[in-house]
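The values are calculated or read from the model by the stated rules, or taken from the named source; none is laboratory data. Worth saying up front: this structure is predicted, and the values here are computed from it rather than measured. Here the Cβ is made from the backbone with ideal geometry for all residues, glycine too, and neighbour counts use every protein chain on show. These accessible areas exclude ligands, DNA and RNA; they are computed on the full protein's heavy atoms, side chains included. Shrake-Rupley method; radii C 1.70, N 1.55, O 1.52, S 1.80 Å.
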Amino acid sequence: MEAKNRLLFLFKRFMASIGGGGGHFVLFLDDLQFADADSLGLLESMVTDHDTGGSSILIVGTYRDNEVDDDHPLAQMIERIKSPERKQTCIALSDLEPEDVNALVADVLQQPKEMVTSLSDVVKEKTLGNPFHIISFLGALEREELLTFNFGTFNWTWDVEKVNKKYVTANVSDLMEQKLQALPLEARMVLQVASCLGCEFGWNTLQLASDAFPPAFNELALEKYKTPSLCLEGVLSRSVEEGVLRRVDFTTYCFVHDQIQAAAFNLVVEEDRQLLQAKIGKSIVDQASPEELDGVLLLAVDLCNSDPSLFASSPKDEGHFAQLNLRAGKQAVQNSAFSYAAVYFMSGIGALDNLPFEDNRQLHVDLYGLASQAHYCKGDTDKMNECLDAVLSLGSLTVEESFPLNMTRCKSLYVRHQYDEALALGQKMLKDIGYKPFPKKALMPFVIKEFMKTKLLLKKYDGKFLDLPLMTDKNRLRALKVFKALCILTFQHGDPIMPVVVWRWLRWSLKYGLSDIGCVAFATHGIILVSMGDLKGGFEIAKITEQLLERLKPMDQMSYALMCTDNFVKAWTVPVQKLIAPCVKNCEIGLKAGDNEAAMWHVFYAGCFSWIAGNKNLIYMEDLLGQYCETIQFYQQDAIYNCLVPHRQMVLNLLGYADDPLTLTGIAMDEGQFLKEATACGHQTAVNVVHSQRLELAYYFGRYNLASEILDDIKPWETVAPAYVGIYRAALFQGLTCYALADIETHRRRKWIKRGTAFMSQIQKWVKAGNVNTLHMLHLLRAEQARLQGKAAVAEKEYGEAIATSSRNGFIHDRALAHERFMQYHLKKSDDTYWARHHYDKAMQALTDWGATALADRLKIASEGRL
């Protein structure tokens, strides 16, 4: 999968570099009906991706619509890429009309149109106006001397009646077969074999396939050309002269048209075709040198797979057939062609029935294991599980054999949201390789003990981290992979055991040596420290992680480690606006390494940081988040997509593009369906994101009773997604909601003030620890608290500070909110509307700058008659 991701990333960068140079680029793709799934996926990515050249690239594709129905992959891709944002033009090329056929025939024969009408009418009738058929038909007439050139008149002549009697079919294949039948027998034999090698083939490949020629070929070759080699040369030259083949270069030939190739293949008796293909493949395999076989391996194995029975004569042949498919599958994986790789591996598995497991142990494990990975990469988890179950039931596997199989299954379970099963498998894997699994429940005394052990060990090695040796124990390295998998699982699902996993992972790195994957342990420990309120400690660990990354340069782990340090740790101490550009850079690092999950988390945080920064117009934000959501969907990271799409829908609500501004239902998502599905699969992070956005909307639109209900829907963030950057914005609106409810529910006033103050105290701790992104939030909550306590001077000072700090740090949305709250304060304080009007104007200006049309309209309506 990583190889495929790298190829996709590099291709997109290549196209972006071509399309971004200021010029224009046209890409023409012919015969798309023959394109495979991976090629269509690449084309879809190129069309839909916003970064591959935009309007500088024109893509023109052609296909035969009579070979593409609604279920064809090409038709489905065309339907998927339809969008108002992309101009798509479909031009249907129908058969030529009679007058067009007349013009074409006149042009070919270099005679006036009126002189060729009788012939062009027959041509139209016989070919139905297909241009290729017309040219082929005229060529056939010329060869049969029904169309001749009169050197006396310097004109072409024909007999319409003879043409009508001689040719009664409009099928171009018949014409092509008649053309080939006119060639010598030895030429037809060669072209039959050549047609199995593809539209284009090399001289050397054709020679390697010579064992598949009929016995009569050698007799004819010796009789007419003295040697088979000279015969091949003569046949190819004659085929070029007859317009059947075209010479590509000195040693390469191609059929002039795929219809001619099909006609050559149709010369083979139907029941013998698969056997001929298999014989050709076997001939290539048997005669090719190792270096030659590398170049034609996939072609040879494809041909061999046409009729596996050719290799069923003995266990030795069956073993050879299985090895060939294993080798071809590995080569396909290197080329990121996972669909083809799966076919090769499964063909190899089909030859294992008569090969005892114990005598061919490695072959069984390799074929089944790699087949399961190929099926996983192409999204077929059912087939993946079939392969895994089959190989695991063959016999007792060693740890080295079973470990990669179980890792594949663990990833699959996680992707399908089967959390409990994935966690149980991870625990079993640890036990299988000889290490103690983690406890099912993390009791607080145990967690504290684990933390203190880790803290003491970190202190022991303080300043010596870069001098630690590298880990070499293969079993421990396997365990680290399990630790990372369990860490991701437990983090995503808010399992309290997550810190314990990270601390054991980190201690192993300190005690037994550094490793690429061990860098992530340091970075994840930083997240835990931040979630515990130790922002300084988390930042120090982040710096250590970066030093380790510089030393080890673990490209496959780099993006994930930077996700932890930048998006979780630094986001609590660095201005959020400065983290957006690194997200884009770190995403590229992940895509280059094939780590799609980490790369897409960086895309998520680029969107999340942009939203929190609040310094971009919402129209721009909606387009940006739309692009990010498309990108995440393309890489099939549903869990990440579900965390970002609520942000996009909220932006749409604020722009006024939703029927109900309080509900996250509209263009991007359906709130009810979303919550149902996210809850069912245990994606609590996504559920919390939705409820936090709902709370924000309810507060913005003054629906405080609704906000009160939503408060109880939000689970404590520290148990759901520790150190998630959205926590401090959620805390702001939770606190503001509590203070607003203190105004409404006077009988519960003290309770709401106390609850709101708890959120304010939380933000105050972050500010004291160095979180510059929450200072204006603290001032606003202090102002609301002072207003409720009747401390006018304090309230006015804090409102002013909230406005000043949000303005200074570029938080347009929060500046608008602070002005609106200050306006409401003045309206309640006295009948003097001067300052209320001042802050109303400032709030409206900020909302206009931000682009929050729905909020501006609400404020305008709510303020009518009061100012």
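Matching residues to (1) polar (S, T, N, Q); (2) open to solvent by 60 Å² or more (accessible area, probe 1.4 Å); (3) closer than 26 Å to His826 by Cα:
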residue	(1), (2), (3)
Ile714	no, no, no
Tyr728	no, no, no
Thr746	yes, yes, yes
Ile753	no, no, yes
Trp766	no, no, no
Asn771	yes, no, no
Met777	no, no, yes
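Quick check: is even one residue across region 163-170 modelled with pLDDT of 80 or more and either open to solvent by 60 Å² or more (accessible area, probe 1.4 Å) or among the basic types (Lys, Arg) (or both)? So far as region 163-170 goes, no, none of its residues is modelled with pLDDT of 80 or more and either open to solvent by 60 Å² or more (accessible area, probe 1.4 Å) or among the basic types (Lys, Arg) (or both).
The lone criterion from (1) under 24 Å from the mean Cα position of the chain (by Cα); (2) outside any helix (DSSP H, G or I) left unmet by Asn354 is number (1). Of the helices (runs of 4 or more DSSP H) contained entirely in region 567-659, not one carries at least 3 residues that are touching a Pro at 6+ places or on another chain (Cβ under 7 Å).
Ala795 meets the stated requirement of being touching a helix residue (DSSP H, G or I) at 6+ places or on another chain (Cβ under 9 Å), more than 17 Å from Tyr699 (Cβ to Cβ), buried (at least 22 other Cβ atoms within 10 Å of the Cβ) and of a type outside the set (Phe, Trp, Tyr).
Yes or no: region 463-483 includes at least one residue that is farther than 18 Å from Ile528 by Cα, open to solvent by less than 80 Å² (accessible area, probe 1.4 Å) and among the acidic types (Asp, Glu). There is at least one residue in region 463-483 that is farther than 18 Å from Ile528 by Cα, open to solvent by less than 80 Å² (accessible area, probe 1.4 Å) and among the acidic types (Asp, Glu). Among the residues of region 699-712, the one identified as surrounded by fewer than 23 Cβ atoms within 10 Å (Cβ to Cβ), of a type in the set (A, V, I, L, M) and within 17 Å of Gly672 (Cβ to Cβ) is Leu706.
Residue pairs whose Cβ atoms lie under 9 Å apart, separated by 6 or more positions or on different chains, with the first residue in region 485-504 and more than 19 Å from Gly682 (Cα to Cα) and the second among the aromatic types (Phe, Trp, Tyr) and outside any helix (DSSP H, G or I), are Val500/Phe438; Val501/Phe438; Arg504/Phe438.
Using the structure shown, decide if Ala571 is closer than 30 Å to Asp432 by Cβ and among the aliphatic types (A, V, I, L, M). Judged against the criteria, Ala571 is not a match. Of all residues in region 818-834, exactly one satisfies the criterion of being surrounded by fewer than 21 Cβ atoms within 10 Å (Cβ to Cβ), in contact with a Leu (Cβ under 9 Å, 6 or more places away or on another chain) and of a type outside the set (Val, Ile, Thr), namely Leu827.
Would you confirm whether or not region 661-675 contains a residue that is open to solvent by less than 40 Å² (accessible area, probe 1.4 Å), in a helix (DSSP H, G or I), without any contact (Cβ under 8 Å) to a residue 60 or more places away in the chain and closer than 23 Å to Leu579 by Cβ? Scanning region 661-675 turns up no residue that is open to solvent by less than 40 Å² (accessible area, probe 1.4 Å), in a helix (DSSP H, G or I), without any contact (Cβ under 8 Å) to a residue 60 or more places away in the chain and closer than 23 Å to Leu579 by Cβ.
Apart from one condition, Ile710 fits all of (1) under 29 Å from the mean Cα position of the chain (by Cα); (2) more than 17 Å from Ser531 (Cα to Cα); (3) β-branched (Val, Ile, Thr); the exception is (1).
Residues are listed down the side, and each one gets a yes or a no for (1) of a type outside the set (Gly, Ala, Ser); (2) within 25 Å of Lys553 (Cα to Cα); (3) in contact (Cβ under 8 Å) with a residue 40 or more places away in the chain; (4) in a helix (DSSP H, G or I):
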residue: Glu450; (1), (2), (3), (4): yes, no, yes, yes
residue: Leu458; (1), (2), (3), (4): yes, yes, yes, yes
residue: Thr472; (1), (2), (3), (4): yes, yes, yes, no
residue: Leu477; (1), (2), (3), (4): yes, yes, yes, yes
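All told, Glu550 meets the bar of being under 25 Å from Phe465 (Cβ atoms), of a type outside the set (Lys, Arg) and open to solvent by 10 Å² or more (accessible area, probe 1.4 Å).
The set of residues in region 132-158 that are more than 16 Å from Ala182 (Cα to Cα), among the aromatic types (Phe, Trp, Tyr) and part of a helix (DSSP H, G or I) contains only Phe132. Just the residues that are open to solvent by 80 Å² or more (accessible area, probe 1.4 Å) and β-branched (Val, Ile, Thr), please, taken from region 88-133. Answer for region 88-133, where residues must be open to solvent by 80 Å² or more (accessible area, probe 1.4 Å) and β-branched (Val, Ile, Thr): Thr89, Ile91. Only residues that are β-branched (Val, Ile, Thr) and touching a Leu at 6+ places or on another chain (Cβ under 9 Å) were counted in region 437-488, giving 2. Exactly one residue out of Thr524, Thr454 is under 17 Å from Ala721 (Cα atoms), part of a helix (DSSP H, G or I) and not charged (D, E, K, R): that is Thr524.
Flag set for Arg837, criterion: open to solvent by 40 Å² or more (accessible area, probe 1.4 Å), touching a Leu at 6+ places or on another chain (Cβ under 6 Å) and farther than 30 Å from Leu579 by Cβ.
This table checks each residue for (1) modelled with pLDDT of 85 or more; (2) within 22 Å of Gln636 (Cβ to Cβ); (3) buried (at least 16 other Cβ atoms within 10 Å of the Cβ).
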{"position": "Asp366", "(1), (2), (3)": "yes, no, yes"}
{"position": "Ser396", "(1), (2), (3)": "no, no, no"}
{"position": "Glu401", "(1), (2), (3)": "yes, no, yes"}
{"position": "Arg416", "(1), (2), (3)": "no, yes, no"}
{"position": "Leu430", "(1), (2), (3)": "yes, no, yes"}
